[in-house]
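In what follows, a structure is listed as structure tokens, so that the remarks can point back to it.
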Amino acid sequence: MQKSLAAALVIIAVTLQMRGPVTCVGPLAERLTAEMSLSAALYGLVAALPIAAFGLVSFAAPGSARRFGLCGAVSVFLISLAAGGFIRSLPNYPSLLLGTVFIGAGIASLNVLMPVVIKDRFPQNAGRMMGIYTGVIGLSGSVGALVSAPLAGLSGFTQTAFLLWALYGTAVIILWKRFTDAGQNRRETMQRAPGLWRRPAAWAVTAVMGLQSLLIYTVVAWLPPYLLTQGTSSSLGGAAVALYLLSGLPASILTARFMKFCGPEWVSEFLMSFSYLAGLWCWTQGGWWIALGSILAGAPQGSMLTAAFILVAEKTRSSAEMLGLSAMTQGFGYLGAGTGPLIFAACLGDAENWTSALLFVAFVILLWAGAGFAASRFESVFPADKHARHIR
């Protein structure tokens with residue numbers, strides 16, 4: 001029991017830095033652009049790099065795990081994350097850019113590796129731990145966005161939050177090393193999952209992961225400007241997004257229990273989609289309906305990510321299979337997610353046809369439900385036992 005609690009606390013400590021170093025940049029945009037004389041394009045590059053890394057670098061994580069072992073690879077990318085924070089603390093644009101690359105690569109790889117660590121360490125309670133993991137990721141993003149501007153104002157140093165995340169990352173490296181050295185996790189040899197991209201189940205789970213990512217990035221980008229057309233202020237639009245994101249935190253933690261209560265996987269996925277659609281409709285009504293819509297849509301957006309991780313864990317039979325599927329779902333998922341705001345903008349057009357753009361969001365929600373139903377039809381990505389002979 002004590003070993004399990006220690007493992008859970010270490011995993012939470014690692015996870016707590018898996019979004020904050022990214023979300024802390026946005027609130028500092030005005031100060032950074034002024035101090036470094038950055039154009040919109042140069043700042044936009046800094047903002048886009050982490051998301052691009054989430055998609056591209058994810059594919060490299062399995063190779064790192066095969067070379068260094070699962071826990072060894074986590075150590076490597078924890079070092080990358082902390083080093084990026086220190087580099088980014090230097091007050092010049094090349095350092096900001098280089099540090100962001102290190103941070104993006106570190107988080108992208110941890111995105112792939114940590115769910116495998118969770119399943120490996122908590123095989124009987126993977127669903128519950130996936131919910132906690134997802135909730136802590138959301139908490140990390142919220143903390144990063146909330147504290148960076150106040151810290152800069154109090155200290156007079158714009159990069160204060162960058163430096164503090166780097167110091168925290170250093171403490172996590174020490175904690176992780178003591179955890180692994182104490183034998184809480186074994187060093188294992190990871191093997192390659194054969195023919196993963198030829199498996200329909202793998203693509204169904206990838207769609208579940210990718211479509212939920214596309215939804216959240218699209219909503220966060222376009223909900224505030226849409227709500228302006230409903231007569232809300234910019235501050236209230238921001239509050240609606242915050243409520244949308246925060247509503248997902250408790251929902252993500254309770255997802256495993258909710259899915260178990262619903263029985264067949266497709267039932268819980270249908271209910272999540274229905275709630276999301278109801279929230280979308282509430283947003284169109286304006287007034288107090290906006291807050292209700294943020295809750296009704298926010299709860300499933302948190303649960304959808306946890307559901308995707310649960311599917312990755314349940315549809316694989318070994319650490320090697322899960323590692324490969326985690327890389328595939330998140331690599332393609334994040335690459336696809338970046339297209340969501342662009343497609344929404346294309347639907348909106350110069351005439352600002354919000355109805356068409358919102359129908360695109362509704363269509364994606366329905367696609368997610370379809371992907372969830374398709375994934376639920378498969379017992380495993382590799383149904384034949386002979387394909388699951390990997391080190392567990």
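Among what's in region 118-127 and is in contact with a Ser or Thr (Cβ under 9 Å, 6 or more places away or on another chain) and either in a helix (DSSP H, G or I) or aliphatic (A, V, I, L, M) (or both), pick the residue that is nearest to residue 66 (Cα to Cα). Walk me through it before giving the result.
Step one: of region 118-127, the residues in contact with a Ser or Thr (Cβ under 9 Å, 6 or more places away or on another chain) are 119-122, 125, 127.
Among the residues that remain, those that are also either in a helix (DSSP H, G or I) or aliphatic (A, V, I, L, M) (or both) are: 119-121, 127.
Working: 119: 17, 120: 15, 121: 18, 127: 25 Å.
By that ranking, first place goes to 120.
Answer yes or no as to whether residue 67 is on the phi < 0 side of the Ramachandran plot, charged (D, E, K, R) and touching a Ser or Thr at 6+ places or on another chain (Cβ under 7 Å).
No, not satisfied.
Restricting attention to region 311-348, report how many residues are surrounded by 24 or more Cβ atoms within 10 Å (Cβ to Cβ) and β-branched (Val, Ile, Thr).
Residues meeting the conditions: 3.
When the residues of region 146-163 are filtered to those that are in contact with a Lys or Arg (Cβ under 9 Å, 6 or more places away or on another chain) and either among the aliphatic types (A, V, I, L, M) or more than 14 Å from residue 29 (Cα to Cα) (or both), which remaining residue is modelled with the lowest pLDDT?
The residue in question is 149.
Among the residues of region 81-100 satisfying the criterion of being over 12 Å from residue 32 (Cα atoms) and polar (S, T, N, Q), which is modelled with the highest pLDDT?
95
Please determine whether any residue of region 322-329 is in contact with a Gly (Cβ under 8 Å, 6 or more places away or on another chain) and assigned to a helix (DSSP H, G or I).
Within region 322-329, the subset in contact with a Gly (Cβ under 8 Å, 6 or more places away or on another chain) is 329.
From the residues that got through so far, the ones that are assigned to a helix (DSSP H, G or I) too are 329.
Yes.
A quick yes/no check of all residues on (1) closer than 17 Å to residue 273 by Cα; (2) not basic (Lys, Arg):
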{"position": "297", "(1), (2)": "yes, yes"}
{"position": "306", "(1), (2)": "yes, yes"}
{"position": "315", "(1), (2)": "no, no"}
{"position": "335", "(1), (2)": "no, yes"}
{"position": "354", "(1), (2)": "no, yes"}
{"position": "358", "(1), (2)": "yes, yes"}
{"position": "365", "(1), (2)": "yes, yes"}
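Working only within region 235-290, note down all residues that are of a type in the set (Phe, Trp, Tyr) and either assigned to a helix (DSSP H, G or I) or assigned by TED's automatic domain parsing to the domain that holds residue 146 (or both).
Passing the criteria: 244, 258, 261, 266, 270, 274, 276, 281, 283, 289.
The values are calculated or read from the model by the stated rules, or taken from the named source; none is laboratory data. This structure is a prediction, so every number in the text was calculated from the model and none was measured. For neighbour counting, all protein chains shown are included, and Cβ atoms are generated from backbone atoms with ideal geometry for every residue, glycine included.
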